[in-house]
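This report refers to the structure that appears directly beneath it.
The values are calculated or read from the model by the stated rules, or taken from the named source; none is laboratory data. Since this is a predicted model, take the numbers as computed values, not measurements. Neighbour counts are summed over all protein chains in view; Cβ atoms, including those assigned to glycine, are modelled from backbone coordinates with ideal geometry.
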Amino acid sequence: MSQGITLAPSRQLKKRYRAEKRFKAYCIAALLLALAFLVVFFSDMIRQGYSAFVQTEIKVDVTYNEDTVKFTNESVTEDVSPLISRAFYRTIPRQVEANPDLMNTTQTRWLTATAHVDQYRKGYSDRLDPELKATLDRLESEGRVSYGFNSGLFFSGDSKIPSNAGLWSAFVGSFYVMIVVLVVSFPIGVATAIYLEEFAPDNRFTQGIEININNLAAVPSILFGLLGLAIFINFFGVPRSSALAGGLTLSLMTLPVIIISTRAALKAVPQNIRQGAQAVGASRWQAIRDHVLPLSLPGILTGTIIGIAQAIGETAPLLLIGMIAYIPDAPTSMTEAATVLPAQIYTWSGMPEGAYVSLTAAGILVLLTLLITLNATAVILRNRFERRW
Amino acid sequence: MRTRDLTGDNTQVVNVPTTERPRVNQNMKMKVHDLEVWYGEKQALHGVSMDVVENEVTALIGPSGCGKSTFLRCLNRMNDLIPDVRIKGEVEFENQNIYAPEVDVVELRSHIGMVFQKPNPFPKSIYDNIAYAPKILGQVRKRTDMEDLVEHSLKRAGLWEEVKDRLQMPGLSLSGGQQQRLCIARAIAVSPSVLLMDEPCSALDPVATATVEQLIDELKENYTIVIVTHNLQQAARVAGYTAFFHLGNIVEYSDTDSLFTHPREKKTEDYITGRYG
């Protein structure tokens, strides 16, 4: 047999290698394509959105007296007055009320410019009155115009004045919704999963439940909105547009996610841990509580966080229960009308003023950051505490 | 013979005469009568009867699938955990049928401990591994008593010297042999009178195996031990009595010396000489 054996690759083997290379190339191409989409998406969002994080500010002298409290736009000189956002003038009576010492004084302030000025300076639009342009150029040459961090984006509610519009009420709404989802779906989901995985007999009935839970995870989310409208609002009378109604509706969506991931986490705990506990005289529940649950907790939390992140990013079901309203002031309770981050983005995307385009993109960036943080937490939790047998 | 109460009242069960028992003058710890087990449609045990001698090591040997593990797991009703299992017959322990309706399995298992094939310490500290069962069973309440019990159990399992300085380390950080001895310590911490061992050495290296075997030999003074093993030499080394299982029946059951040197049955001889199985 020593004759005729060559260790160089045969023709057939070469063909196999070529096929392997081709396959690898397809996979890499797919990966690159996906990455390219991601890069295009992010760079577009950042390009459109970054400018909303800063805002044009103008340094002006503000005069407080009897007249300017009544005719607030007279508090600054007539030529500069149209450059300043209306949102500021509105606050003058309140400022004086809060601090009576301001009366009959003149203060130098950096004030937010109107969206028109802002858009013009950022180069998005040229539709600024020539007179105003001249004033702006003059102010600019005097060093009285600059960009400041747009804190209003985070700390004020929605507004019809684009330079004053922010995400605060949506933040609060999303936070309430998240609390409701957590409080409702976590205990119910985990308890359901424990029953199905650890106690339920394996029969037609439980199999049916299992199939239905898996199907629920695939139901289009807008149907959950209809269900929420019919059950929570029309039947139980939960206030329309409220964080409570939204949270309950999103809980329906999150439940299957939590149930499925909890079951997977419980299944991953080896049988011999349960047997070991029961062999030393632990009851079934003691074995689960003391050994199985602590081991599966990272998996359960990961699933919960992912489920909640999904709920936070969901819009469709909320449209049906009215959480798409214009909410300038943050809700102070679960039953007040509220909006959430994705709904706020949706609202902004439909606004006619150009300034809302940047705001929409900025809102998307904020939402994405929030979701990526949540998902990263889930991944870190999983990697940190996951145990392998 | 001490009588332990598994049910809360002292119901005495009539002794059932059994067929297979070594002809010796020793107390019988457990008496199994006509035990039949089905997994779904498949019958795993066909009416097995045998007695377990007190304070002795009884080895169960036989080819894979012969029912020896099934038999062992019937002795503390671990088989109850398997769905679709049906069990008929009687297992008498302390004059009570452990399959009687009034017997509580959780109570039963605190009297009949078990050590598994693969070491399965709880993913907790060494200390908590031992302390867990006495705590949930309410046997020990004071901290100092618990510390004494942990030390005592680890000493009985021959592990104390190796771990006394790191009781708070996770049990899973120990080597395989140490883990198995930890599991034995855990099992004896609740002071059972019977220890069931399901191939306790099959996942261990020869050195760890030797340590565990020596431990088994020491433990038989205080405990009645039933051990399933695939290793015939091990049965010969540690067991006073050996039962040979085949196809869900006991073929032969006698003291280990006679079984290995003068087997009565042809099948036994074939198996121990390696001609089949």
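Go through (1) outside any helix (DSSP H, G or I); (2) surrounded by fewer than 20 Cβ atoms within 10 Å (Cβ to Cβ) and name the single condition A:GLY166 misses.
With (1) outside any helix (DSSP H, G or I); (2) surrounded by fewer than 20 Cβ atoms within 10 Å (Cβ to Cβ) applied to A:GLY166, the lone miss is (2).
Between a residue in region A:150-172 that is without any contact (Cβ under 8 Å) to a residue 60 or more places away in the chain and assigned by TED's automatic domain parsing to the domain that holds A:THR369 and any residue that is of a type in the set (S, T, N, Q) and not in a loop (DSSP other than H, G, I, E, B), which pairs come within a Cβ distance under 7 Å, given they are 6 or more apart or on different chains?
If the second residue must be of a type in the set (S, T, N, Q) and not in a loop (DSSP other than H, G, I, E, B), no pairs are left.
Can you confirm whether A:GLN310 is within 8 Å of chain B (Cβ to nearest Cβ) and assigned to a helix (DSSP H, G or I)?
Here the answer is no, as A:GLN310 does not meet what is asked.
Being at pLDDT 90 or above, out of contact with any Asp or Glu (no Cβ under 9 Å at 6 or more places or on another chain) and in a helix (DSSP H, G or I) is true for just one of B:LEU195, B:LEU182. Which residue is that?
On the way: B:LEU195 fails: in a helix (DSSP H, G or I).
Testing whether each residue is at pLDDT 90 or above, out of contact with any Asp or Glu (no Cβ under 9 Å at 6 or more places or on another chain) and in a helix (DSSP H, G or I) leaves just B:LEU182.
From the list A:VAL269, A:VAL181, A:VAL280, exactly one residue is in contact (Cβ under 8 Å) with a residue 40 or more places away in the chain and surrounded by 15 or more Cβ atoms within 10 Å (Cβ to Cβ). Which is it?
A:VAL181
Within region B:129-167, which residues are without any contact (Cβ under 8 Å) to a residue 24 or more places away in the chain and either part of a loop (DSSP other than H, G, I, E, B) or within 10 Å of chain A (Cβ to nearest Cβ) (or both)?
Across region B:129-167, the qualifying residues are B:LYS135, B:ILE136, B:GLY138, B:VAL140, B:ARG141, B:LYS142, B:LYS164, B:ASP165.
Test B:ALA210 against the stated conditions and say whether it is closer than 23 Å to B:GLY67 by Cβ and surrounded by fewer than 22 Cβ atoms within 10 Å (Cβ to Cβ).
So B:ALA210 does not fit the description; no.
Looking only at region A:106-116, decide whether some residue is out of contact with any Gly (no Cβ under 6 Å at 6 or more places or on another chain), over 17 Å from A:GLU131 (Cα atoms) and in a loop (DSSP other than H, G, I, E, B).
Taking every residue of region A:106-116 in turn, none turns out to be out of contact with any Gly (no Cβ under 6 Å at 6 or more places or on another chain), over 17 Å from A:GLU131 (Cα atoms) and in a loop (DSSP other than H, G, I, E, B).
For region A:251-304, which residues satisfy the criterion of being farther than 22 Å from B:ALA133 by Cβ and of a type in the set (Val, Ile, Thr)?
A:THR254, A:VAL257, A:ILE258, A:ILE259, A:ILE260, A:THR262, A:ILE300, A:THR302, A:THR304
Count, please, the residues in region B:79-108 that happen to be free of Cβ contacts under 8 Å to residues at least 60 places away in the same chain and within 12 Å of chain A (Cβ to nearest Cβ).
Going through region B:79-108, the residues free of Cβ contacts under 8 Å to residues at least 60 places away in the same chain turn out to be B:79-89, B:99, B:101, B:105-106.
Filter once more, keeping what is within 12 Å of chain A (Cβ to nearest Cβ): B:79-84, B:105-106.
Of the residues in that region, 8 qualify.
Among the residues of region B:213-232, count how many are surrounded by fewer than 22 Cβ atoms within 10 Å (Cβ to Cβ) and either of a type in the set (Phe, Trp, Tyr) or farther than 22 Å from B:PRO192 by Cα (or both).
Here the count works out to 3.
Does region B:63-72 include one or more residues that are crowded, with 23+ Cβ neighbours inside 10 Å and within 13 Å of chain A (Cβ to nearest Cβ)?
no
Which of the residues that make up region B:168-179 are within 14 Å of chain A (Cβ to nearest Cβ) and either hydroxyl-bearing (Ser, Thr, Tyr) or part of a loop (DSSP other than H, G, I, E, B) (or both)?
Result: B:SER173, single match.
Taking region B:110-123 on its own, how many of its residues are within 8 Å of chain A (Cβ to nearest Cβ) and either over 23 Å from B:MET28 (Cα atoms) or at pLDDT below 90 (or both)?
Here the count works out to 7.
Please verify whether B:ALA235 is closer than 21 Å to B:MET50 by Cα, at pLDDT 90 or above, surrounded by 24 or more Cβ atoms within 10 Å (Cβ to Cβ) and touching an Asp or Glu at 6+ places or on another chain (Cβ under 9 Å), treating the condition exactly as stated.
No, not satisfied.
Can you find even one residue in region B:181-190 that is out of contact with any Leu (no Cβ under 8 Å at 6 or more places or on another chain), farther than 21 Å from A:TRP285 by Cβ and of a type in the set (Val, Ile, Thr)?
No; the residues of region B:181-190 include none that is out of contact with any Leu (no Cβ under 8 Å at 6 or more places or on another chain), farther than 21 Å from A:TRP285 by Cβ and of a type in the set (Val, Ile, Thr).
Among helices (runs of 4 or more DSSP H) lying entirely in region A:207-288, which contain 2 or more residues that are within 14 Å of another protein chain (Cβ to nearest Cβ)?
Once the helices (runs of 4 or more DSSP H) in region A:207-288 are filtered for at least 2 residues that are within 14 Å of another protein chain (Cβ to nearest Cβ), what remains is A:271-279, A:284-287.
Somewhere in region A:329-340, is a residue assigned to a helix (DSSP H, G or I), away from chain B (no Cβ under 14 Å) and of a type outside the set (Asp, Glu)?
Scanning region A:329-340 turns up no residue that is assigned to a helix (DSSP H, G or I), away from chain B (no Cβ under 14 Å) and of a type outside the set (Asp, Glu).
Return the total of residues in region A:58-106 being in contact with a strand residue (DSSP E or B) (Cβ under 9 Å, 6 or more places away or on another chain), in contact (Cβ under 8 Å) with a residue 40 or more places away in the chain and more than 17 Å from A:VAL145 (Cα to Cα).
Total satisfying the criteria: 6.
Only one of B:VAL53, B:VAL37 is under 15 Å from the mean Cα position of the chain (by Cα) and more than 14 Å from chain A (Cβ to nearest Cβ); which?
So the residue among B:VAL53, B:VAL37 that is under 15 Å from the mean Cα position of the chain (by Cα) and more than 14 Å from chain A (Cβ to nearest Cβ) is B:VAL53.
How many residues does region B:167-190 hold that are loosely packed, with under 15 Cβ neighbours inside 10 Å and under 15 Å from B:ALA131 (Cβ atoms)?
Going through region B:167-190 one residue at a time, the tally reaches 2.
Go over the candidates A:ILE258, A:ILE222 one by one and state the one that is surrounded by fewer than 18 Cβ atoms within 10 Å (Cβ to Cβ) and touching a residue at least 40 places away in the same chain (Cβ under 8 Å).
Values: A:ILE258 fails: surrounded by fewer than 18 Cβ atoms within 10 Å (Cβ to Cβ).
Going through A:ILE258, A:ILE222 in turn, the sole match is A:ILE222.
Between A:ILE300, A:ILE372, A:ILE380, which is free of Cβ contacts under 8 Å to residues at least 60 places away in the same chain, more than 14 Å from every other protein chain (Cβ to nearest Cβ) and over 22 Å from A:GLY49 (Cα atoms)?
A:ILE380
Considering only residues that are within 11 Å of chain A (Cβ to nearest Cβ) and in contact with a strand residue (DSSP E or B) (Cβ under 7 Å, 6 or more places away or on another chain), look in region B:180-189 and name the one that is farthest from B:VAL228 (Cα to Cα).
Of everything passing the filter in region B:180-189, B:ILE188 is farthest from B:VAL228 (Cα to Cα).
State which residue is surrounded by the most Cβ atoms within 10 Å (Cβ to Cβ) when the search covers only region A:1-43 and only residues that are among the β-branched types (Val, Ile, Thr) and farther than 27 Å from A:SER358 by Cα. Quick ask: steps written out before the conclusion?
Just the residues of region A:1-43 that are among the β-branched types (Val, Ile, Thr), to begin with: A:5-6, A:28, A:39-40.
Next cut, farther than 27 Å from A:SER358 by Cα only: A:5-6, A:28.
Working: A:ILE5: 6, A:THR6: 6, A:ILE28: 10.
It comes out as A:ILE28.
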